[in-house]
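Notes to accompany the following structure.
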Amino acid sequence: MKAIQFKQFGGPEVLELVELERPRPKGKEVLIEIKAIGVNFADIARREGQYVVPTPLPYVPGSEVAGVVCEVGDEVEQVKVGQRVVTLLGSKKATGYAEYTLADERSLVPIPEGVDDRQAAALLVQGLTAYHVLKTSGQLQQGERVLVHAAAGGVGTLAVQLAKLFGAGQVIATASSEEKRQIALDLGADAAVDYTRDGWEQKVLELTENQGVDVALEMVGGSVFHKTLSILAPFGRLVIYGLASQEAPKFNPVKLMAQNHTVTGFFLPQIMRKQDLYRQSLKELLSYVQQGQLKLIIGGVYPLEEAAKVQALMKGRKTTGKLILVP
């Protein structure tokens, strides 16, 4: 089978198109013929050797796939050959950039009618991240104010919509260009702010009538983290789920005490350890798409062979929405 693999850490050029033996499922495993692959910043971090957990070499990146079950292990009970499924692959079997992959049947969720493979693949990492940074880590309550940074990105576009679906009273989006801010507004944000301009945090405060935000989704780091922390309402929660600037912020946790602030981190693989939570939330997300309540922005669909090009585009922040590879 064709696959994209890297044997050393580095830039996009280390990604190679290779021929690998097609795996055979055992026990609870199933073999999936991949129809759509989601591309994520985690894939780039893996390639650069900067991921949260170690990456073994050689490595086939990619953790989110949608496709058709084409073979099952001898202990599989819940799925059948021919069934359309979507899954988030565990790090030891993250072979998403390929024509086929193995997955545990317990991690599979059926793709409902009316949702295509590309939509399903686009929903996994970014959809689950948006869902859980708001609901699980952010503990969003009815009527609260939410701040979403990078609101025109993959997670951001979904977080804006989900915050509204979850009952947020006000959603404030930040983005670096007028076009991106308009995307956030079109998706339901109540206001959009340019976070590249000095004093953006004061603008957010004005929009909240100087009350601050109750939940802030932060994945930039550096000064953006500190400014975001400064505009939390009493009992506000700041959820860190990325470090796009690669500038790790430093702060004194004692300062959180004055207004009962919380700073918490989110790492999606931990959700995979709670299978019931993972499956329930993914089914909920798929139902939102099926019912037309959640719009997915697919920024581009590319052949598997162009994986290096796609990662370079994503790294350069020249894209909007979700990027998909197809074998």
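The values are calculated or read from the model by the stated rules, or taken from the named source; none is laboratory data. None of these values were measured; they are calculated from a predicted model. Note that we place each Cβ from the backbone using ideal geometry, even for glycine, and neighbour counts take in every protein chain shown. SASA here: full protein model, heavy atoms, side chains in, ligands and nucleic acids out. Shrake-Rupley method; radii C 1.70, N 1.55, O 1.52, S 1.80 Å.
Quick rundown of the values:
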item: Fluctuation leader among Asp276, Asp43, Asp198 - the chain, Gaussian network, Cα springs under 10 angstrom; result: Asp198
item: Accessible area (Å², 1.4 Å probe, nearest 10) - Ile172; result: 0 Å²
item: Convex hull per residue volume in Å³, alpha carbons only, for the chain; result: 126 Å³
item: Residue with peak Gaussian network fluctuation, the chain [Cα springs, cutoff 10 Å], from Thr136, Thr174, Thr101; result: Thr136
item: Candidates Lys309, Lys28, Lys250: whichever shows maximal mean-square fluctuation once the chain is modelled as a Gaussian network with Cα springs under 10 Å; result: Lys250
item: The chain, dipole about Cα centre (Lys/Arg Cβ +1, Asp/Glu Cβ -1), debye to the nearest 20; result: 420 debye
item: Nearest-20 debye value, region 131-243 charge dipole, Cβ charges on Lys, Arg, Asp, Glu; result: 260 debye
item: Spatial separation of Cα centroids for region 157-186 and region 1-45, in angstrom; result: 33 Å
item: Region 138-265: antiparallel DSSP beta bridges as a percent of all, rounded to 5; result: 0 percent
item: As computed over region 23-147, the Cα convex hull volume per residue (Å³); result: 136 Å³
item: Global geometry of region 102-242, whether rounded, prolate or oblate, following the gyration tensor of its Cα atoms and the 1.5 cut on a/c; result: prolate
item: Farthest toward positive dipole pole in region 138-265 [+1 Lys/Arg, -1 Asp/Glu at C-beta], among Gln259, Ser176, Tyr195; result: Gln259
item: Antiparallel bridge percentage (DSSP; both residues within the chain; nearest 5); result: 50 percent
item: Accessible surface of His226 - all protein chains present, 1.4 Å probe, nearest 10 Å²; result: 80 Å²
item: Flagged links, alpha-carbon separation over 23 Å, of Lys164/Lys322; Lys180/Lys315; Lys35/Lys309; Lys135/Lys274; Lys2/Lys26; result: none
item: Gain in span if fully extended, Val52 to Val68, counting 0.36 nm per residue against the direct Cα distance; result: 2.8 nm
item: Kyte-Doolittle mean at least 0.0 and Cα axial length at least 20 Å: DSSP H helices in the chain; result: 117-132
item: Amide hydrogen neighbours beyond the local backbone of Ala192, cut-off 5 Å, H modeled; result: Ala173
